[in-house]
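Handing you this structure, nothing more for now.
The values are calculated or read from the model by the stated rules, or taken from the named source; none is laboratory data. Remember, it's a predicted structure, so these values are computed and weren't measured experimentally. Methodologically, a virtual Cβ is constructed for each residue, glycine included, from the backbone with ideal geometry; neighbour enumeration extends over all protein chains shown.
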Amino acid sequence: MNSKNRTLIIVIAAIVLILGLAGIAVLLSGGDDSNESSVPAPVSTDADGEPVAAADIEDTRPVEVTGDPLPPYDQAVADTAIGTAAPVISGQSFDGSPVTIGGATGRPTMLVFLAHWCPHCNAEIPELIELDSAGAIPDGVDVIGISTGVQPDQANYPPSEWIAETGWPWPIMADDADSTAFLSDGGSGFPYTVLLDADGNVLSRVSGSRAASDISVWLTETLG
């Protein structure tokens, strides 16, 4: 090989090396941004097409109590809360939507206090859903659940996911970390149910899980 050809080969090799190094540098730098097509992240919108923020889920929410608390429920003695006004409790659902229990609503309301870790609560929910599916909850009765007694180290945590998985079809209030709503309505065990009349007065209180048929009889007799 003469010196002229050797020089040509060296020049070609140098060019290939330079081009290879340049390509590696482009790859390491992420390439030319000006040639990339950017894909915007999906945005949730409302019915009018306006963007909405993602829901901020919290498993406990602050509550505000107005009025005197009910005495603790004791099924062994006559219930002195019957006929008295339940406190008005203002709070929120897991996603921050406002929820209020108590006070005059114009309709009877059944308040169902539930704890995610309670096996009796897990047995009660399907019974209530069965009643609803069968149309056996009297017309004009509102049902509101209250998630309370939250314990992160217990079963079925977080309650926001647990309630969704059970198929609970009614509004739900998230009690605070101190179970203020539960205690203010006189709760002493789970599940705990308070039936209020249209003016927010206590019609009946019960504690413990019950079959759908027993709940139906209780509602009919109490409201009848």
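Among Trp170, Trp218, which is the only one that is among the aromatic types (Phe, Trp, Tyr), assigned to a loop (DSSP other than H, G, I, E, B) and either in contact with a helix residue (DSSP H, G or I) (Cβ under 6 Å, 6 or more places away or on another chain) or at pLDDT 95 or above (or both)?
Exactly one residue qualifies, and that residue is Trp170.
Sticking with this structure for a sec: Would you point out the residue of region 150-175, among those that are hydroxyl-bearing (Ser, Thr, Tyr) and touching an Asp or Glu at 6+ places or on another chain (Cβ under 9 Å), that is surrounded by the fewest Cβ atoms within 10 Å (Cβ to Cβ)?
Tyr157
Sticking with this one: Going by the structure shown, is Ser207 in contact with a strand residue (DSSP E or B) (Cβ under 7 Å, 6 or more places away or on another chain) and under 18 Å from Leu70 (Cβ atoms)?
Answer is yes for this residue.
Got a sec? Which of Asp139, Asp178, Asp132 is surrounded by fewer than 18 Cβ atoms within 10 Å (Cβ to Cβ), at pLDDT below 95 and on the phi < 0 side of the Ramachandran plot?
Being surrounded by fewer than 18 Cβ atoms within 10 Å (Cβ to Cβ), at pLDDT below 95 and on the phi < 0 side of the Ramachandran plot holds for just one of Asp139, Asp178, Asp132, which is Asp139.
Okay, next question. Under 6 Å between Cβ atoms, which residue pairs at least 6 apart in sequence (or on different chains) link something in region 60-76 that is among the aromatic types (Phe, Trp, Tyr) with a partner that is at pLDDT below 95?
Cβ pairs passing all conditions: Tyr73/Ser188.
Which one of Ala104, Ala115, Ala86, Ala78 is more than 17 Å from Ser207 (Cα to Cα) and either at pLDDT 95 or above or not hydrophobic (A, V, I, L, M, F, W, C) (or both)?
Ala104
Output the number of residues of region 88-116 satisfying the condition of being more than 15 Å from the chain's Cα centre (by Cα) and in a loop (DSSP other than H, G, I, E, B).
Of the residues in that region, 7 qualify.
Would you be able to tell me the number of residues in region 127-161 that are in a helix (DSSP H, G or I) and under 17 Å from Leu219 (Cα atoms)?
Of the residues in region 127-161, 7 are in a helix (DSSP H, G or I) and under 17 Å from Leu219 (Cα atoms).
Give the residues of region 185-208 that are in a loop (DSSP other than H, G, I, E, B), touching a helix residue (DSSP H, G or I) at 6+ places or on another chain (Cβ under 8 Å) and surrounded by 19 or more Cβ atoms within 10 Å (Cβ to Cβ), sorted by residue number.
The answer is Phe190, Pro191.
Something else now. Is region 210-220 home to any residue that is among the aromatic types (Phe, Trp, Tyr), touching a Ser or Thr at 6+ places or on another chain (Cβ under 8 Å), surrounded by 16 or more Cβ atoms within 10 Å (Cβ to Cβ) and farther than 20 Å from Glu64 by Cβ?
yes
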